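Asks: Before I ask anything, here is the structure I am working with.
Read-outs throughout are calculated quantities, based only on the coordinates presented, and are distinct from any laboratory measurement. Computed from a prediction, not measured in an experiment: that's the story for all the values here. Reconstructed Cβ throughout: ideal geometry from the backbone, glycine too, with neighbour counts over all protein chains shown.
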Amino acid sequence: MNSRKTALVVGTGAGGAMIARELQGRYQVTLLEAGGAFKPFSLPVSKMAALRRTGLFLDERMIRLLLPNMLVEKTGDMVMVRGIGVGGTTTLATGNAVRCDGALRALGIDLNEQFEALQRELPITTEHRAHWTDTTKKMFGLFQKMGLNPVVTPKLMNPARCTECGHCAIGCPTGAKWDTRNLVDEALQKGAELITGCRVTGVETAGRAVKAVHAVHHGRRRNFTADLVVLAAGGLGTPAILQNSGIACRQTLFVDPVLCVAGPLPDFRQDR
Ligand SMILES: Cc1cc2nc3c(=O)[nH]c(=O)nc-3n(C[C@H](O)[C@H](O)[C@H](O)COP(=O)(O)OP(=O)(O)OC[C@H]3O[C@@H](n4cnc5c(N)ncnc54)[C@H](O)[C@@H]3O)c2cc1C
């Protein structure tokens, strides 16, 4: 009889994939993933502008027709993008490996040990610099001359596999960019189970314990039980599950904004 404790991990993004890989062995892990296998965008980037001109893409949300794992939602003026599928949003992320724990340290949360462990494990590099276009090199040089002290963004990637297609954020076709599908594979190799097309709708609790996890699996309701339940459905997905379960969440959303400064640069062609 297998007496190993069981764990359910909801989501296969940065949080879910890592915890599943870590737990498998000590627990028998089952990953519940709302989406399916990740399918990268298959058209060349240069065709996108032409497509936009056809007027067929009236709304950002229609990107899903071409990139089924990208879920775009709108609330007021805000457009929210996330990945639904194996690898979560990491399949759509830019692959920047910038360490942003300074503000947390100021709050008394020291994640140095964890960041050091990630640094040792993940393929973090600045070698992509060799793939820079002349314009990027020129801009970097200009910023240096201006005394702005630019630094090369470390990337989660294997530069040797990069073909400079520009598809990093819509699905790297060569596997040059690292994403958490690697960790899911490692968990599966260690014996974990992955159930795709399984959207968790809520958790049923008794006191402080989870009695059951309710889900819809390919259109059919299913209930799961385990000794340990980890909700890692993302910053938008997890609060929705908690709220559906009658577990109060604060009505706040922390947004870490990236400031992009745009300006015209003749012949740069990035706008295409
Ligand atoms: C366009 C873009 C670019 C980014 N670039 C970078 C970058 O360069 N560097 C960086 O560090 N970060 C980047 N990020 C942020 C990074 O991707 C996220 O911080 C990270 O993926 C969050 O991990 P997570 O596990 O919390 O959520 P996610 O990675 O979103 O994973 C959530 C998982 O839960 C699943 N799920 C959701 N709801 C349910 C449900 N009800 N039932 C079952 N499964 C469910 C989803 O399918 C998904 O697999 C970027 C994000 C975006 C949108």
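Asks: Gain in length, residue 206 to residue 6, computed as 0.36 nm per residue apart minus the alpha-carbon separation, to one decimal in nm?
Replies: So the extension gain works out to 70.2 nm.
Asks: Work out, in µm²/s and without decimals, the Stokes-Einstein translational diffusion coefficient of the chain at 25 °C, 0.890 mPa s, Rh from Kirkwood over C-alpha pairs.
Replies: In µm²/s, the coefficient is 116.
Asks: On to the next question. Using a 10 Å cut-off around each Cβ, can you sort 116, 33, 127 from fewest to most neighbouring Cβ atoms?
Replies: Fewest-to-most ranking of 116, 33, 127: 116, 127, 33.
Asks: Sticking with this structure for a sec: Once you put a point 7 Å from the Cα of residue 111 and another 7 Å from the Cα of residue 50, both along the Cβ direction, what distance in nm separates them?
Replies: 4.3 nm
Asks: Among 211, 177, 74, which one shows the biggest mean-square fluctuation in a GNM of the chain, springs joining Cα atoms closer than 10 Å?
Replies: The residue that fluctuates most here is 74.
Asks: Run through every distinct alpha carbon pair of segment 140-234 and return the Kirkwood hydrodynamic radius in angstroms, one decimal place.
Replies: 17.8 Å
Asks: Compute the helix-to-body angle for 112-121: its Cα long axis versus the longest principal axis of the chain, expressed 0 to 90° and rounded to tens.
Replies: 70 degrees
Asks: When the Debye formula is applied to the Cα atoms of segment 71-170, each taken as the same point scatterer, what base-10 log of I(q)/I(0) results at q = 0.11, 0.12, 0.24 Å⁻¹?
Replies: -0.51, -0.61, -1.22
Asks: How high is the relative contact order of segment 102-156, given as a whole-number percent (alpha carbon pairs under 8 Å, six or more residues apart)?
Replies: Averaging sequence separation for qualifying contacts and normalising by length gives 42 percent for segment 102-156.
Asks: For the chain, what does the relative contact order come out to in percent, with C-alpha contacts under 8 Å and a separation of six or more?
Replies: Over the chain, the number comes to 28 percent.
Asks: Under 15 Å from the Cβ of residue 128, count the other residues' Cβ atoms, weight Lys and Arg +1, Asp and Glu -1, and hand me the total. Don't skip to the end; give the middle numbers.
Replies: Numbers: positive: 129, 137, 155, 161, 177; negative: 127, 164.
Spelling it out: positives minus negatives among the neighbours equals +3.
Asks: Can you bin segment 102-156 into rounded, prolate or oblate? Criterion: square roots of the alpha carbon gyration tensor eigenvalues sorted a ≥ b ≥ c, rounded for a/c under 1.5, prolate for a/b above b/c, oblate for the rest. If you can, show how the numbers build up before the last one.
Replies: Values: a/c = 5.07, a/b = 1.68, b/c = 3.02.
It comes out oblate by the Cα gyration axes.
Asks: Right, here's the next one. Would you mind telling me which residue in 148, 118, 51 has the biggest mean-square fluctuation in a Gaussian network model of the chain, where springs connect alpha carbons within a distance under 10 angstrom?
Replies: 148
Asks: Taking neighbour counts of Cβ atoms within 10 Å as a proxy for exposure, in what order, fewest first, do 98, 203, 10 appear?
Replies: Working: 98 9, 203 22, 10 27.
Ranking 98, 203, 10 by Cβ neighbours within 10 Å, fewest first, gives 98, 203, 10.
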